[in-house]
Amino acid sequence: MNEKTKSPAKRAPLPTREQILAFIAENPGSSGKREIARAFGIKGSDKIALKALLKEIVADGEAERRGKRLRAPGRLPPVTVLEVVGRDRDGEIVATPAEWQEETEGHPPRILILPGRGKDRRPAPGLGDRILARIHEPAEGGQITGRIIKVLARRPNTVLGVYREGEFGARIEPVDRKQAELSVTETIAGVADGDLVVVEIDKANRFVRPKARVTERIANLKSEKAVSLIALHSHGIPYVFPPEVIAEADGAGPVTLADREDWRALPLVTIDPADAKDHDDAVHAAPDTDPENPGGFVVTVAIADVSRYVRPATALDREALKRGNSVYFPDRVVPMLPERISNDLCSLREAEDRPALAARMVFSAEGIKRGHSFHRILMRSAAKFSYQEVQAAIDGQPNDHAAPHLEAVLKPLYAAYAALSKARDARGPLELDLPERKILLKPDGSIDRVIVPERLDAHRLIEEFMIQANVAAAETLEEKGSPVVYRIHDTPSLAKLEALREFLASIDIKLPKTGALRPAQFNRILERVADSEHDALVNEVVLRTQAQAEYSPANIGHFGLNLRRYAHFTSPIRRYADLIVHRALVAALKLGPGGLPAGAEKTLDEVSAQISLAERRAMAAERETIDRLVAHFLVDRIGAIFQGRIAGVTKAGLFVKLADTGADGFVPISTLGEEYFRYDEVAHSVVGETTGTTHRLGDNVEVRLVEAAPVAGALRFELLSEGRAGKPPRGRRRPPKRPPAGRARRPGR
């Protein structure tokens, strides 16, 4: 009997909602439409009905979509980083997710940590420890449990602080602004006032100040690079390489042509910031000579072959995974790899032979990729350029270094970029206008000035070439059936989208409720408000709506770039994820030694969680260091008036970002005026109960600096701007506040 004459009765019935939800709960890592159809025997045209039912389930909030997969609302990934928060009544260890946003996700779940079994039994973690755990969530609800895979960081009974000498003895001013001051009972030799130190806390009596013993002197706060040391120690970021790692790096030698193609005649060039110390990517472009690809281009992206030197299971490899990535501060770089590797053997220096892994990509005249291949090569950079140098040459002002390469090298690069830009515009990635500031320091480590670097086509060219190489890497590994660590960026959550929809409605902008949301829809909203009073506000709110990018062996695509598959390939010197991708390509394409070892896919869940956490740790450390540098810079300017913009609104008050330095400071809500102010979460504002005076995210304001705490990196402001007119909120109003004693009321407040 052929397919057309089969009886409908013999087809598998469509599963019920309850059956689908049960399957999703029991299979949190593999619950896509394909898996559900296979599990319930759904075939042919019945898949259309299944797709519609799944869409209804998501729309009703009974499941969340993560790329092509579904999961129960609020469910955790199968492998998660947790932080130990205490013990329950039975003495069992309890933890919560290390990364959790209460304002959008509610209270974090409490996870019961089960002891290991047999060989997997490990020492119990302590309060504050971060652990990597495999999660089990019962389908019918109930207690979530986790089994420890490894302890990532133990929290010692120590505090980082500044040693202060006074009339009544020495004390410690903790770096963590939430920590109380400590009295010093014992110290080591050579400690002086103003030194950054590590102390061990003695058991404290609740009626007296906690006591501490100084165990380590790190640096004096007035010394160069002391500020970034605070962030390194407080976040537990390794910054000193163990002797065995240095020995391995120093023992590495130059590469030969063994297992490599000789591409030294190809005029690849590096284009980097003017102050770059290492150069891990080089590019080349030329018109395609294939008559079947008229107007097309061949683009080559060559990346330093770190896998040649950093082999799996070596001391270098273990330290690189521990660090996860390089960390960049205004006053220093904490590299993932020793300088012998990152700044020497793997730096694509001009006119020196270097090993590389190259992506050769062919594009049409419209920027559509027609094909690509990967090669393990020996290259020789034809020239080292800065972004500004290249842009000046293209704009008709080449210097003596760039002029010889203008026609043969630089102009073809820009011609290829013009083609790729067409495809990029058609793809429609998310286009947020959020300029980044760069802090320039004096020789003593203090701030000289803060600039906003100009965004050039040279920057965009390199960015687009790197994106295309990353896509090619992911496609090749997927095609070969190789393990991949993807760079994923999920679609915004339903809760965040609903909050955005309500906010946009308050300024008469509609966000569609149905259909798949694409970055282009956000871009149309941003274009609509460009150069209007809502420009900065809407850019900020749209940014906060986005999910956080991370690493994962399970692909869900990259929402922001609007790409179906994407893997980091272009910076193995500074990102461990890229090193994994290089090793996978070497193994999958049989390009010689240094490939991903057999069975590596079993640990990629753990590795992805670990390097994602390291990335967030680095971002927090970099941000806090800038805050401390700026607080040091402004400590002598108490009482000065600054222009800024409201960058955050909470129940407690306003966060203001200064226009000239980009510094963030806080305005307590109790200081806004004589009336009470209510927090409006939807409108991202606070509104006066009596007058309706409104202070909203994105508003330009004038503030006075009231307090600067350099060690904590905290600034407190007094708001001088009057706010915008608005309507008082509905509901019962409280009586006016009394102004603080000794302080006159401000007119109009």
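The values are calculated or read from the model by the stated rules, or taken from the named source; none is laboratory data. In this text, all values refer to a predicted model and were calculated from it rather than measured experimentally. Don't worry about glycine lacking a Cβ; one is built from the backbone with ideal geometry, like all the others, and counts go over all protein chains shown. Ligands, DNA and RNA are excluded from the accessible area calculation, which covers all protein heavy atoms including side chains. Shrake-Rupley method; radii C 1.70, N 1.55, O 1.52, S 1.80 Å.
If you filter segment 143-180 down to residues that are among the polar types (S, T, N, Q) and open to solvent by 50 Å² or more (accessible area, probe 1.4 Å), you find that the one that is modelled with the highest pLDDT is 143.
Checking each residue in segment 323-357 for being touching a Ser or Thr at 6+ places or on another chain (Cβ under 6 Å) and closer than 27 Å to residue 264 by Cα picks out 348, 350.
Count of segment 535-548 residues, restricted to those that are in contact with a Gly (Cβ under 7 Å, 6 or more places away or on another chain) and not polar (S, T, N, Q), is 3. Summed over segment 687-728, the residues that are among the β-branched types (Val, Ile, Thr), in contact (Cβ under 8 Å) with a residue 60 or more places away in the chain and assigned to a loop (DSSP other than H, G, I, E, B) give a count of 1. A count restricted to segment 491-503 and to residues that are open to solvent by 20 Å² or more (accessible area, probe 1.4 Å) and in contact with a Phe, Trp or Tyr (Cβ under 8 Å, 6 or more places away or on another chain) stands at 1.
Among the residues of segment 366-387, what is the count of those that are touching a residue at least 24 places away in the same chain (Cβ under 8 Å) and surrounded by fewer than 16 Cβ atoms within 10 Å (Cβ to Cβ)?
Kept after step one, since they are touching a residue at least 24 places away in the same chain (Cβ under 8 Å), are these residues of segment 366-387: 366-370, 372, 374-387.
Adding the requirement that they be surrounded by fewer than 16 Cβ atoms within 10 Å (Cβ to Cβ) leaves 366, 368, 370.
Here the count works out to 3.
Give me the residue from segment 619-639 that is under 16 Å from the mean Cα position of the chain (by Cα) and aliphatic (A, V, I, L, M) and, out of that set, modelled with the lowest pLDDT. Of everything passing the filter in segment 619-639, 620 is modelled with the lowest pLDDT. Hey, any hits in segment 262-269 for a residue that's in contact with a His (Cβ under 9 Å, 6 or more places away or on another chain), β-branched (Val, Ile, Thr) and either surrounded by 13 or more Cβ atoms within 10 Å (Cβ to Cβ) or under 23 Å from residue 327 (Cβ atoms) (or both)? Among the residues of segment 262-269, at least one is in contact with a His (Cβ under 9 Å, 6 or more places away or on another chain), β-branched (Val, Ile, Thr) and either surrounded by 13 or more Cβ atoms within 10 Å (Cβ to Cβ) or under 23 Å from residue 327 (Cβ atoms) (or both), which makes the answer yes.
When segment 217-241 is filtered for residues that are closer than 18 Å to residue 616 by Cα, open to solvent by less than 60 Å² (accessible area, probe 1.4 Å) and not polar (S, T, N, Q), the ones remaining, listed by number, are 229, 230, 231, 232, 233, 235, 236, 237, 238. Evaluate the following for residue 57: is it at pLDDT 75 or above and part of a loop (DSSP other than H, G, I, E, B)? No; evaluated as a whole, the condition is false for this residue. All told, residue 259 falls short of being among the charged types (D, E, K, R) and out of contact with any Lys or Arg (no Cβ under 8 Å at 6 or more places or on another chain).
Looking only at residues of segment 389-409 that are of a type in the set (S, T, N, Q) and either under 24 Å from residue 344 (Cα atoms) or more than 29 Å from the chain's Cα centre (by Cα) (or both), we find that the one that is most open to solvent (accessible area, probe 1.4 Å) is 397.
Each row is one residue, and each column tells you yes or no for (1) open to solvent by 20 Å² or more (accessible area, probe 1.4 Å); (2) within 30 Å of residue 484 (Cβ to Cβ).
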residue	(1), (2)
411	yes, no
416	no, yes
420	no, yes
425	yes, yes
436	yes, yes
449	yes, no
453	yes, no
468	yes, yes
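I'm checking my understanding of the structure. Among residues of segment 182-202 that are in a loop (DSSP other than H, G, I, E, B) and open to solvent by 70 Å² or more (accessible area, probe 1.4 Å), which one is farthest from residue 217 (Cα to Cα)? Among those residues, the one meeting the criterion is 193.
Are any residues in segment 438-447 farther than 30 Å from residue 537 by Cα and surrounded by 14 or more Cβ atoms within 10 Å (Cβ to Cβ), and if so, which ones? Across segment 438-447, the qualifying residues are 441, 445, 446. Where strands (runs of 3 or more DSSP E) sit wholly within segment 77-136, those with at least 1 residues that are open to solvent by 60 Å² or more (accessible area, probe 1.4 Å) and modelled with pLDDT under 85 occupy 79-87, 130-136.
Any chance segment 582-600 includes a residue that's part of a helix (DSSP H, G or I), modelled with pLDDT under 95, closer than 28 Å to residue 31 by Cβ and not hydroxyl-bearing (Ser, Thr, Tyr)? Give the steps one after another, and end with the answer.
Of all residues in segment 582-600, those part of a helix (DSSP H, G or I) come to 582-588, 600.
Imposing the further condition that a residue be modelled with pLDDT under 95 reduces the set to 600.
From what's left, closer than 28 Å to residue 31 by Cβ: 600.
Then keep just the ones that are not hydroxyl-bearing (Ser, Thr, Tyr); that gives 600.
Checked against the condition, which is being part of a helix (DSSP H, G or I), modelled with pLDDT under 95, closer than 28 Å to residue 31 by Cβ and not hydroxyl-bearing (Ser, Thr, Tyr), segment 582-600 yields at least one hit.
Looking across segment 203-215, the residues that are surrounded by fewer than 16 Cβ atoms within 10 Å (Cβ to Cβ) and modelled with pLDDT under 85 come down to 203, 204, 205, 206, 207, 208, 209. Of all residues in segment 620-641, exactly one satisfies the criterion of being in contact with a helix residue (DSSP H, G or I) (Cβ under 9 Å, 6 or more places away or on another chain) and either outside any helix (DSSP H, G or I) or under 23 Å from residue 686 (Cβ atoms) (or both), namely 640.
Could you please give the count of residues in segment 522-546 that are open to solvent by 30 Å² or more (accessible area, probe 1.4 Å) and over 18 Å from residue 700 (Cα atoms)? Residues in segment 522-546 being open to solvent by 30 Å² or more (accessible area, probe 1.4 Å) and over 18 Å from residue 700 (Cα atoms): 5 in total. In this structure, residue 331 does not satisfy being surrounded by fewer than 23 Cβ atoms within 10 Å (Cβ to Cβ) and free of Cβ contacts under 8 Å to residues at least 24 places away in the same chain.
Hey, among the residues in segment 292-309 that are under 28 Å from the mean Cα position of the chain (by Cα) and under 26 Å from residue 419 (Cβ atoms), which one's surrounded by the fewest Cβ atoms within 10 Å (Cβ to Cβ)? Break it down stepwise before answering.
So the first thing to find is which residues in segment 292-309 are under 28 Å from the mean Cα position of the chain (by Cα), and the list is 300-309.
With under 26 Å from residue 419 (Cβ atoms) added as a condition, the list becomes 300-303.
Working: 300: 22, 301: 28, 302: 29, 303: 25.
In this case the residue turns out to be 300.
Taking segment 523-566 as the range and being touching a Leu at 6+ places or on another chain (Cβ under 7 Å) and on the phi > 0 side of the Ramachandran plot as the test, only 557 passes. For beta carbons closer than 9 Å, sequence separation of 6+ or different chains, a first residue in segment 660-682 that is under 20 Å from residue 177 (Cα atoms) and in a helix (DSSP H, G or I) and a second that is open to solvent by less than 60 Å² (accessible area, probe 1.4 Å) and of a type in the set (Val, Ile, Thr), the qualifying pairs are 669/650; 669/686. Criterion applied to 641, 646 was being of a type in the set (Val, Ile, Thr) and either under 27 Å from residue 331 (Cβ atoms) or surrounded by fewer than 20 Cβ atoms within 10 Å (Cβ to Cβ) (or both), and the one residue passing it is 641.
A single member of 282, 249 is in contact with a strand residue (DSSP E or B) (Cβ under 8 Å, 6 or more places away or on another chain), modelled with pLDDT of 90 or more, buried (at least 16 other Cβ atoms within 10 Å of the Cβ) and hydrophobic (A, V, I, L, M, F, W, C), and it is 282. Figure legend. Inter-residue proximity from segment 417-442: first residues closer than 19 Å to residue 301 by Cα, second residues at pLDDT 95 or above and open to solvent by 80 Å² or more (accessible area, probe 1.4 Å), beta-carbon distance below 8 Å, spacing 6+ or different chains. Indicated pairs: 417/460; 419/366; 421/460; 423/366; 423/368.
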